[in-house]
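Down below is the structure, laid out as structure tokens.
Each reported figure results from applying straightforward, stated rules to the coordinates on display, with no laboratory input. Note that the coordinates shown come from a computational prediction; the quantities given were computed from them, not determined experimentally. Methodologically, a virtual Cβ is constructed for each residue, glycine included, from the backbone with ideal geometry; neighbour enumeration extends over all protein chains shown.
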Amino acid sequence: MIPRMQAVEFTGVTKTFRNVTAVDRLSLAVEEGSIHGFIGPNGSGKTTTMRMIANILHPDSGTVRVFGEAPAGTRSGTIGYLPEERGVYRKMKVHALLEFYGELRGGRDVSPEIDRWLARLGLGHCAEQKLETLSKGMSQKVQFIACVAPEPKLLILDEPFTGLDPVSADALRAAILEIRRRGTTVILSTHDMAVAETMCDSILMIFRGKKVLDGTLASIQASYSSDTIRVELENGGALGPLPGIESVKDLGKVKELRMAPECDPQQVLQALAARARIVSFAVMKPSLRDIFVRIAGPQQEEVAVA
């Protein structure tokens, strides 16, 4: 199999703002034609990394390459960038705004693509409406169209699903997958671990400016042992102290137990069976959300077991 070209390559990239290191010696490769997810807590460096790819910010040291060259930015039409902090000319009409952005970013008439995307995302009836009359979700779809109408080779989406209702989120997810099938490389940041798990070919986690995870979901999970038990007891029975369990996370009907290295899950099963009827019991590797929490810090719903 012929290896794919790298759409984005970072080599030892560092970016600082005064005395804050936002990105610290980051090396990264994003395969062409893939969906690469960026995860990490707020302020971890995800947006700074995206802005360096889009040539909005420049690294203090290290190199950034987009399709083997220095980043050309969004004006070239090669890159489409949807920032998390979004803004539009709200007095303009939808179609006119999209034509303006199309000429600005791609330098050509993108009216056929605009019409197709408006219809595709259920906004055909809004073409002559002013942006200020649209809902937040509809306005967000318009800004997405502004990014994709010039048909960029690389699409960068910073928290694209934030604030969308489930129907709109599903429509946008389907649109992103369609764009990817056409060969566009997609980089997206998300706080939704289900999106990262189900949509992304590879996942990068940045924490305090440093890369802490990078790879497929399978390869990330493979670096962790099967130390998690998910259990549901009939009528929501109480767990009580259990042998070899370090912490318990209450997910509602289901409880998630983290085992100590020496824990025998069979002993845990026996202890539970002696107390209540077991509806389900499964030993598994930690989910991406659990791995995220282990790296970024404990959450309130996880309590230590004495």
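Of note:
- Summed residue charge, Cβ within 12 Å of ARG277's Cβ, Lys/Arg positive, Asp/Glu negative: -1
- Between region 134-204 and region 224-240, the alpha-carbon center distance in angstrom: 35
- Region 6-221, Cα convex hull volume normalised per residue, Å³: 116
- Degrees, to the nearest 10: 166-181 long Cα axis against longest axis of the chain: 70
- Region 2-38 and region 276-294 have Cα centres lying 31 Å from one another.
- Contact order relative to length of the chain, as percent, for alpha carbon pairs under 8 angstrom and 6 or more apart: 19
- Here's how it looks for MET205: its modeled amide H is under 5 Å from those of ILE39, VAL212, LEU213, ASP214, which are all 5 or more places away or on a different chain.
- What the phi angles of region 151-165 give under the Karplus curve with 6.51, -1.76 and 1.60, with θ = phi - 60°, is a coupling list of 6, x, 7, 10, 10, 10, 10, 9, 6, x, 9, 4, x, 8, 6 Hz, glycine and proline written as x.
- Karplus-derived HN-Hα couplings along region 42-50 (A = 6.51, B = -1.76, C = 1.60, θ = phi - 60°), whole Hz, x at Gly and Pro: 4, x, 7, x, 5, 5, 4, 4, 4
- Amide H within-cut-off set for ALA22, under 5 Å, with H built and near neighbours excluded: LYS15, THR16, PHE17
- Axis angle, to the nearest 10 degrees, between helix 111-120 and the longest C-alpha principal axis of the chain: 30 degrees.
- The phi-based Karplus calculation (6.51 cos²θ - 1.76 cosθ + 1.60; θ = phi - 60°) puts the 3J(HN,Hα) values of region 289-295 at 4, 5, 4, 4, 5, 4, 7 Hz, whole numbers, x for Gly and Pro.
- In terms of distances greater than 18 angstrom between alpha carbons, the cross-link table entries LYS91/LYS136; LYS210/LYS285; LYS15/LYS211; LYS210/LYS249 yield LYS210/LYS285; LYS210/LYS249.
- Exposure proxy ranking for ASP109, ASP115, based on other Cβ atoms within 10 angstrom of each Cβ and starting from the fewest, stands as ASP109, ASP115.
- Value at 222 nm in deg cm²/dmol, rounded to 500, when DSSP H runs of n ≥ 4 in the chain each add -39,500 (n - 2.57): -9000 deg cm²/dmol
- For SER27, nonlocal amide neighbours, meaning residues 5 or more places apart or on other chains whose placed amide H falls under 5 Å from its own, are GLY12, VAL13.
- Region 224-304 shape via C-alpha gyration tensor axes, a/c threshold 1.5: prolate
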